[in-house]
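The values are calculated or read from the model by the stated rules, or taken from the named source; none is laboratory data. This is a predicted model, so every value here is computed, not measured. When we count neighbours, we look across all protein chains shown, and the Cβ atoms used for this are built from the backbone with ideal geometry, even at glycine.
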């Protein structure tokens, strides 16, 4: 956003330099003091609430972005399926401040030569951040266009040197009912889990998102680090990731475990395969207004040119 | 049958009835307001669909609560609210269906036909609405007279309608069954209140009056 449409950000919204410097101090303190040590001190304790919405520096545009107009930021941040923060779509925004995203660590393990742990600040520093304006198609037959900020998942995975045994990648969301009130009820089999086949994970369209509209990701959108796989239904794009594991076998996935006939492991957007309870042939654009017609849903959410070859020879009605 | 003496005009119910009427209209007024000012949220079609469906179901349950409440309170005039409540339940169910036909499907009859035939929750919801039509039509005093004893039989359709409506809701939820489960529990309670518990109870106490008690019901 910063690069493509600078006029969109009025001067009044740019973070004052003093606040910005304090953030850097905080980062340094956190890096030096290590996990948790910096969290208790005064204004720094509320750092995460202040951080969501801060600009991410040096965001580069991407050739993978769509030129469709992005959905309004208020809609993207107030209409969320994030059951950890409540099952109603308005709940995640309301409960967002209960989630503390600093410090945050992601464990990477399993079938790899260099398992390890990565802090979110290292992730933001080490991987060049790009803006990826992607279509998002929810399995509930609504859609948005979201200007994510992030980087290819493959760049991070390669760093941990997956072995030839690594055929899948499994992801896990934070499990902490004190910060994620939705987890106090057994609506889903917590923690939320998802998985990708290795070639899907390494595909250049697959990203880990750290931001939205050029700024640090709001908590209700899966801060501080979430998956985005634009050709799959939204539930595959797991939020608030704390664990990544290379596996030999297809890993369990939350919705798939709960209703295997309704939510497949692949979950590629496909108008030819209906959800048993509703049609997937069309969808409603969020923000289009009361009298807007539904739009026809495209196979692979319109990303077929880039990803259809991953599924050559597969019966997508069987592997839905 | 001995002609009933005309019931004495009950002043309280005369005051209560317009108040209940206004209360039943309030949800649709609020819904229009929330749609116009945008507070209904980023997906207004979904918001309207859910609100009209919620109120159809709630008023259906309120209608079903009239008879048990009348028995519990012993306040007979309560029954004079029942037709109005039932018609409001129908009103919201019709709004719910129109929202689906118009705002959701834009009169795409092929898609609508496929939905009603293929999607169990839509089949069930549509059936519930269809069954409400004869009840709404025959809700007038004239039809009540014309149908006589069969009127009561016909209007027992409200029980399967209640079950279908709750099923319609239960079936469309993805994971969080709490809300539809609450409606199901209330419905179960209201249907259970109609079981001949009281007769069974009186029969145990007095032994011989059971048959008469059942007939009187």
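Some values worked out for this structure:
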| read-out | value |
| --- | --- |
| Qualifying positions in the range B:139-176 - outside any helix (DSSP H, G or I) and touching a residue at least 40 places away in the same chain (Cβ under 8 Å) | B:139 |
| Subset of the range B:148-175 (residues that are closer than 21 Å to residue B:55 by Cα and within 14 Å of chain A (Cβ to nearest Cβ)) | B:167, B:168, B:169, B:170, B:171, B:172, B:173, B:174 |
| Residues satisfying the stated conditions in the range B:1-53, i.e. in a helix (DSSP H, G or I) and at pLDDT below 90 | B:11, B:12, B:13, B:14, B:15 |
| Hey, residue B:135 surrounded by 14 or more Cβ atoms within 10 Å (Cβ to Cβ) and either part of a loop (DSSP other than H, G, I, E, B) or under 21 Å from the mean Cα position of the chain (by Cα) (or both) or not | yes |
| The lone exception for residue A:270 - which of (1) away from chain B (no Cβ under 14 Å); (2) touching a helix residue (DSSP H, G or I) at 6+ places or on another chain (Cβ under 6 Å); (3) surrounded by fewer than 18 Cβ atoms within 10 Å (Cβ to Cβ) it fails | (3) |
| Any hit, the range A:52-73, residues being in a helix (DSSP H, G or I), within 13 Å of chain B (Cβ to nearest Cβ) and either at pLDDT 95 or above or over 30 Å from residue B:176 (Cα atoms) (or both) | yes |
| Complete set of residues in the range A:293-320 that are exposed (fewer than 15 other Cβ atoms within 10 Å of the Cβ) and either within 14 Å of chain B (Cβ to nearest Cβ) or at negative phi (or both) | A:293, A:295, A:296, A:305, A:308, A:309, A:312, A:314, A:315, A:317, A:318, A:319 |
| Search result, residues across the range A:74-92 that are at the interface with chain B (Cβ under 9 Å from one of its Cβ atoms), out of contact with any strand residue (DSSP E or B) (no Cβ under 9 Å at 6 or more places or on another chain) and not in a loop (DSSP other than H, G, I, E, B) | A:74, A:83 |
| Out of B:67, B:49, B:35, sole residue that is under 25 Å from residue B:139 (Cα atoms) and either touching a residue at least 12 places away in the same chain (Cβ under 8 Å) or loosely packed, with under 14 Cβ neighbours inside 10 Å (or both) | B:67 |
| Filter result (under 19 Å from the mean Cα position of the chain (by Cα), farther than 20 Å from residue A:80 by Cα and not in a strand (DSSP E or B)) within the range A:226-253 | A:251, A:252 |
| Matching residues in the range B:105-128 - criterion: being crowded, with 19+ Cβ neighbours inside 10 Å and part of a helix (DSSP H, G or I) | B:115, B:122, B:124, B:125, B:126, B:128 |
| Odd one out for residue A:133 among (1) within 20 Å of residue A:216 (Cα to Cα); (2) away from chain B (no Cβ under 14 Å); (3) assigned to a strand (DSSP E or B); (4) in contact with a helix residue (DSSP H, G or I) (Cβ under 9 Å, 6 or more places away or on another chain) | (4) |
| Residues of the range B:176-197 satisfying the condition of being within 14 Å of another protein chain (Cβ to nearest Cβ) and buried (at least 16 other Cβ atoms within 10 Å of the Cβ) | B:176, B:180 |
| Subset of the range B:106-124 (residues that are more than 8 Å from every other protein chain (Cβ to nearest Cβ) and within 17 Å of residue B:165 (Cβ to Cβ)) | B:116, B:122, B:123, B:124 |
| Residue within the range A:254-266 that is farther than 16 Å from residue A:229 by Cα and part of a strand (DSSP E or B) present | no |
| Residues (within 12 Å of chain B (Cβ to nearest Cβ), closer than 24 Å to residue B:114 by Cβ and in contact (Cβ under 8 Å) with a residue 12 or more places away in the chain) located in the range A:250-267 | A:262, A:263 |
| Test set (1) within 14 Å of chain A (Cβ to nearest Cβ); (2) within 21 Å of the chain's Cα centre (by Cα) - residue B:32 fails condition number | (2) |
| In the range A:98-117, the residues that are more than 18 Å from the chain's Cα centre (by Cα) and under 30 Å from residue A:75 (Cβ atoms) | A:98 |
| Residue tally, condition in contact with a helix residue (DSSP H, G or I) (Cβ under 6 Å, 6 or more places away or on another chain) and either crowded, with 18+ Cβ neighbours inside 10 Å or more than 8 Å from chain B (Cβ to nearest Cβ) (or both), over the range A:273-292 | 2 |
